[in-house]
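A.B. asks: Below you'll find the structure I mean.
The values are calculated or read from the model by the stated rules, or taken from the named source; none is laboratory data. All of these numbers come straight from a predicted model, not from anything done at the bench. For neighbour counting, all protein chains shown are included, and Cβ atoms are generated from backbone atoms with ideal geometry for every residue, glycine included.
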Amino acid sequence: MKRISSVSEDTEFTFNPLIVLELAKKTQNETIEWLTQRIKERKHLGGAHLKIKPLDAHTKNSQIFLIGASWRRLLVGAEALGLVKEYQDGSMRAFIYQNKEDYKYFSDNNDDFLTMAEQQYIIKRELENLRAINETMVPGYPQAKLYPGKSIIRRLQTSGLLLQIYPLHNKTELKKLGTIWYKRLQVALQPLNDIENYFGQNIALYFAFLEYFTIALFPMALIGVPYYFFAWEDYDKYIVFATFNLLWSTIVLEVWKRWCAKLSYQWGTLLMKRQFEEPRPGFHGKLGLNPVTGRKEPTYPTYKRQLRIYLISVPFVCLSLYISLFVMMIYFQMEALALAYSKEDQSFFSSILLYCPSIIYGVVIEIMNRLYKYAAEWLTSWENHRLESSYQNHLILKVLVFNFINCFASLFYIAFILQDMKLLRQSLAALLITSQILNQFVESVLPYWLQKRRNRILKKKFHISSLEKELPLVDQVKLEREMDKYLGTFDDYLELFQQFGFVSLFSCVYPLAAILAVLNNITEVYTDGLKMCCVFQRPFFEPVSDIGVWLLAFETMGIISVMTNCALIGMSPQVKRLFQRNDVELVLLVLAIEHVLLALKFILAFAISDVPSDIRTKVARMEFESLKALKQKQMKEADESMAKEEQLDETKREQEEKKKI
């Protein structure tokens, strides 16, 4: 990243641009001066204490600004956010500015100690916490109301004055990362440490989970392919595959937890304290005092949020589920019509027509999922959650409930109401293949085409032969502002969740589901890497220690898969032949097996520790040393206080003796 040498009135310093802030073209000078002043002001005066410069100092009324910070400001911000760094003894500890010399690789003005992604994250959080103090409106715009505690950045965004804010790429590091990531053709593991260093833990953990899930699918694929070809029409034999499915869905997530803990400890997020999380930028309310931290922040009554959730959000979700089920019934009517036509006209066209309802339904499902997600995002934002984690949890819950019903309700109906295994296989294959084709087009083909088209336009605009060479900073900023904004890993995890459902729930009747998922995910690794490096703006770093509520979603799907596969085993002709005259005994046996397997699943989850023993030892040692350091600090303060008191007492005695003399 290039540095800008700037000269202030008193001293010359080097300005390292990290974030770009773009205002609307017609933003008034009064507004720009007020915003830049608030960004520059010190923390105790209500500012962010950051550095801000116009992109082109020679252009009047510039709307694009570069934001950076001094090295000391970044270190203080790292301590405030609880970033964890490696200590001299090799352990991972929360960074403390006063003890900065005790951390490995630390030196003054060494940008490598804090990665560029971490520096950008610190600045982003400072800007998000920039709140109104006594202002009642944005200067120059009376309609843009403010009140004490309101996020200034959020108000500027909702008022259309702040167009975008994004972190800059480091072209040199990005080129190196692309070479060892998506540009290589050999089969190899992803450079997760390099991805984490450049994009942060949230992006790296997604790619780690994608890689792990793909590898975990290989046993299912290796068994499923021969099983599919040797038992194509023999539905009696799916009991074997269903039994293996039970074991696979139980073990795969437990192993992931342990690997995730190792990665999180290595990346320094397993030890981060999140209990004092700052309010999210979109949270609004009257300015009050946090009773725990003592800081001023917006407050919003809990009962108002609960009323919005239970009186508006819950009915909306229920209405959406009703619409989804109504569409499903239309799909079954289409299936019935196609089947009736096929019986009357035995031809090649009629056999192809049998798959059309499932394909059309698959396309409709994808469209409904995307429309519902937009509505759920707006609704969750309107609920006004204080924490980003709470916002994400409510959003994911809304989306997952709808997606589960929308994607899998028809399969459950076919399997357990119609009990038509042939139609179940046909529908599962059509839904899975249609979903993967649409996702590959939207997430791979379309972004790749857009990237090629954008590159041709930019080459003409900047008169360059290659975009890979280092461009002047002004051209780089203008280039990146034209890129699409990365909207996070939500859609990526949702796609994997649906894929996990297709494989774990009903793949015993369509064993090729696993191999299709493997091929899709291998392609996903390269296309997602290309998008992250070339198509989207650089996303902000977000420290996370796991995949969050998505893990609970996958575990819930695993529990449902146990019930589903047990029911399919009970419905198999082999088992039914053993209980020809007593269906009650069959049902009781299936329920007993299901409960035993669920108990075994929970026992395994309890017996297999989520954190490996060596990591637990390191964490315990870190906590012990932190407690020891705290006690030493308290003892030192107590000794100093006692010494001062003794000195005061001695001074008083000397003064009294002098008076007596």
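A.B. asks: Scan segment 443-496 residue by residue and report those that are of a type in the set (A, V, I, L, M, F, W, C) and at pLDDT 85 or above. Before you say what the answer is, go through the steps one by one.
C.D. replies: Taking segment 443-496 and keeping what is of a type in the set (A, V, I, L, M, F, W, C), we get 445-446, 449-450, 457-458, 462, 464, 467, 471, 473-474, 477, 479, 483, 487, 490, 494, 496.
Val477, Phe490, Leu494, Leu496, listed by residue number.
Yes or no, residue by residue, for (1) under 23 Å from Glu495 (Cβ atoms); (2) modelled with pLDDT under 90:
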{"position": "Gly160", "(1), (2)": "no, yes"}
{"position": "Leu168", "(1), (2)": "no, no"}
{"position": "Arg184", "(1), (2)": "no, yes"}
{"position": "Pro191", "(1), (2)": "yes, no"}
{"position": "Phe199", "(1), (2)": "yes, no"}
{"position": "Ile215", "(1), (2)": "yes, no"}
{"position": "Ile223", "(1), (2)": "no, yes"}
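A.B. asks: While we're looking at this one, here's another question. Checking Val525 against (1) farther than 30 Å from Leu458 by Cβ; (2) in contact (Cβ under 8 Å) with a residue 40 or more places away in the chain; (3) of a type in the set (A, V, I, L, M, F, W, C), which test does it fail?
C.D. replies: Exception for Val525: condition (1).
A.B. asks: Looking at (1) part of a helix (DSSP H, G or I); (2) farther than 22 Å from Gln392 by Cβ, find the lone condition where Ile195 falls short.
C.D. replies: All conditions are met except number (2).
A.B. asks: Scan segment 623-642 and give yes if some residue there is in contact with a helix residue (DSSP H, G or I) (Cβ under 8 Å, 6 or more places away or on another chain) and surrounded by 10 or more Cβ atoms within 10 Å (Cβ to Cβ), otherwise no.
C.D. replies: no
A.B. asks: Assess whether Ser435 counts as being assigned to a helix (DSSP H, G or I), farther than 20 Å from Val364 by Cβ and not aromatic (Phe, Trp, Tyr). Steps first, please.
C.D. replies: Numbers: assigned to a helix (DSSP H, G or I): yes; farther than 20 Å from Val364 by Cβ: no; not aromatic (Phe, Trp, Tyr): yes.
Considered against the rule, which asks whether it is assigned to a helix (DSSP H, G or I), farther than 20 Å from Val364 by Cβ and not aromatic (Phe, Trp, Tyr), Ser435 comes out as no.
A.B. asks: Now for a different question. Which is in contact (Cβ under 8 Å) with a residue 12 or more places away in the chain, surrounded by fewer than 16 Cβ atoms within 10 Å (Cβ to Cβ), more than 27 Å from Ile165 (Cβ to Cβ) and not polar (S, T, N, Q), of Val587, Val575?
C.D. replies: Values: Val575 fails: surrounded by fewer than 16 Cβ atoms within 10 Å (Cβ to Cβ).
The unique qualifying residue is Val587.
A.B. asks: Please determine, by comparing only the residues of segment 305-333 that are of a type outside the set (A, V, I, L, M) and surrounded by 12 or more Cβ atoms within 10 Å (Cβ to Cβ), which one is farthest from Cys407 (Cα to Cα). Before the answer, list the steps.
C.D. replies: The first filter runs over segment 305-333 and keeps only residues of a type outside the set (A, V, I, L, M), leaving 305-306, 308, 310, 313, 315-316, 318, 320, 322, 324, 326, 331-333.
This time we only want the ones that are surrounded by 12 or more Cβ atoms within 10 Å (Cβ to Cβ), so: 305, 308, 313, 316, 320, 324, 331-332.
Working: Arg305: 30, Arg308: 27, Ser313: 21, Phe316: 18, Ser320: 13, Ser324: 9, Tyr331: 12, Phe332: 14 Å.
Once the filter is applied, the top-ranked residue is Arg305.
A.B. asks: Need pairs with beta-carbon distance below 9 Å; first residue over 16 Å from Ala69 (Cβ atoms) and without any contact (Cβ under 8 Å) to a residue 24 or more places away in the chain and within segment 83-112, second aliphatic (A, V, I, L, M) and assigned to a loop (DSSP other than H, G, I, E, B); sequence gap 6+ or separate chains.
C.D. replies: Final answer for the pair search is Asp102/Ile96; Tyr103/Ile96.
A.B. asks: Take the residues in segment 143-182 that are in a helix (DSSP H, G or I) and of a type in the set (Val, Ile, Thr); name whichever of them is nearest to Val20 (Cα to Cα).
C.D. replies: Only one residue tops the list, namely Ile153.
A.B. asks: Do the conditions hold for Glu126, that is, is it within 29 Å of the chain's Cα centre (by Cα), outside any strand (DSSP E or B), charged (D, E, K, R) and not assigned by TED's automatic domain parsing to the domain that holds Pro279?
C.D. replies: Numbers: within 29 Å of the chain's Cα centre (by Cα): yes; outside any strand (DSSP E or B): yes; charged (D, E, K, R): yes; not assigned by TED's automatic domain parsing to the domain that holds Pro279: yes.
For Glu126, the condition - within 29 Å of the chain's Cα centre (by Cα), outside any strand (DSSP E or B), charged (D, E, K, R) and not assigned by TED's automatic domain parsing to the domain that holds Pro279 - is met.
A.B. asks: Among the listed residues Ala78, Ala48, identify the single one that is in a loop (DSSP other than H, G, I, E, B), surrounded by 20 or more Cβ atoms within 10 Å (Cβ to Cβ) and touching a residue at least 12 places away in the same chain (Cβ under 8 Å). It would help to see each step written out before you state the result.
C.D. replies: Values: Ala78 fails: in a loop (DSSP other than H, G, I, E, B).
Every option except Ala48 fails the conditions.
A.B. asks: Between Asn403, Asn439, which is under 20 Å from the mean Cα position of the chain (by Cα) and under 18 Å from Thr564 (Cβ atoms)?
C.D. replies: Working: Asn439 fails: under 18 Å from Thr564 (Cβ atoms).
Answer to the selection: Asn403.
A.B. asks: What's the number of the condition Leu598 fails, among (1) out of contact with any helix residue (DSSP H, G or I) (no Cβ under 9 Å at 6 or more places or on another chain); (2) under 30 Å from Cys260 (Cβ atoms)?
C.D. replies: Failed condition: (1).
A.B. asks: Does Leu205 satisfy the criteria of being touching a residue at least 12 places away in the same chain (Cβ under 8 Å), assigned to a helix (DSSP H, G or I), of a type outside the set (Lys, Arg) and not assigned by TED's automatic domain parsing to the domain that holds Ala69? Step through it out loud before you land on a result.
C.D. replies: Working: touching a residue at least 12 places away in the same chain (Cβ under 8 Å): yes; assigned to a helix (DSSP H, G or I): yes; of a type outside the set (Lys, Arg): yes; not assigned by TED's automatic domain parsing to the domain that holds Ala69: yes.
Yes: the conditions hold for Leu205.
A.B. asks: Follow-up question, since we're still on this one. Can you name the condition, by its number, that Asn565 falls short on among (1) in contact (Cβ under 8 Å) with a residue 60 or more places away in the chain; (2) under 25 Å from Thr269 (Cβ atoms); (3) in a helix (DSSP H, G or I); (4) not aliphatic (A, V, I, L, M)?
C.D. replies: Only one criterion is unmet by Asn565, namely (2).
A.B. asks: So, one more: Please enumerate the residues belonging to segment 342-359 that are assigned to a helix (DSSP H, G or I) and either surrounded by 15 or more Cβ atoms within 10 Å (Cβ to Cβ) or in contact with a helix residue (DSSP H, G or I) (Cβ under 7 Å, 6 or more places away or on another chain) (or both). It would help to see each step written out before you state the result.
C.D. replies: Within segment 342-359, the subset assigned to a helix (DSSP H, G or I) is 342-344, 348-353, 356-359.
The answer is Ser342, Ser350, Ser351, Leu353, Cys356, Pro357, Ser358, Ile359.
A.B. asks: Please go through segment 140-175 and give me each residue that is more than 30 Å from Asp194 (Cβ to Cβ), buried (at least 16 other Cβ atoms within 10 Å of the Cβ) and in contact with a helix residue (DSSP H, G or I) (Cβ under 7 Å, 6 or more places away or on another chain), ordered by number.
C.D. replies: Tyr141, Ala144, Leu146, Ser151, Ile152, Ile153, Leu161, Leu162
A.B. asks: Farther than 23 Å from Asp491 by Cβ and among the β-branched types (Val, Ile, Thr), is that true of Ile414?
C.D. replies: Numbers: farther than 23 Å from Asp491 by Cβ: yes; among the β-branched types (Val, Ile, Thr): yes.
Yes, satisfied.
A.B. asks: Take the residues of segment 500-526 that are modelled with pLDDT under 85 and within 12 Å of Leu431 (Cβ to Cβ): which is surrounded by the fewest Cβ atoms within 10 Å (Cβ to Cβ)?
C.D. replies: From segment 500-526, those modelled with pLDDT under 85 are 506-511; that's our starting set.
This time we only want the ones that are within 12 Å of Leu431 (Cβ to Cβ), so: 506, 510.
Details: Phe506: 28, Tyr510: 23.
Top of the filtered list is Tyr510.
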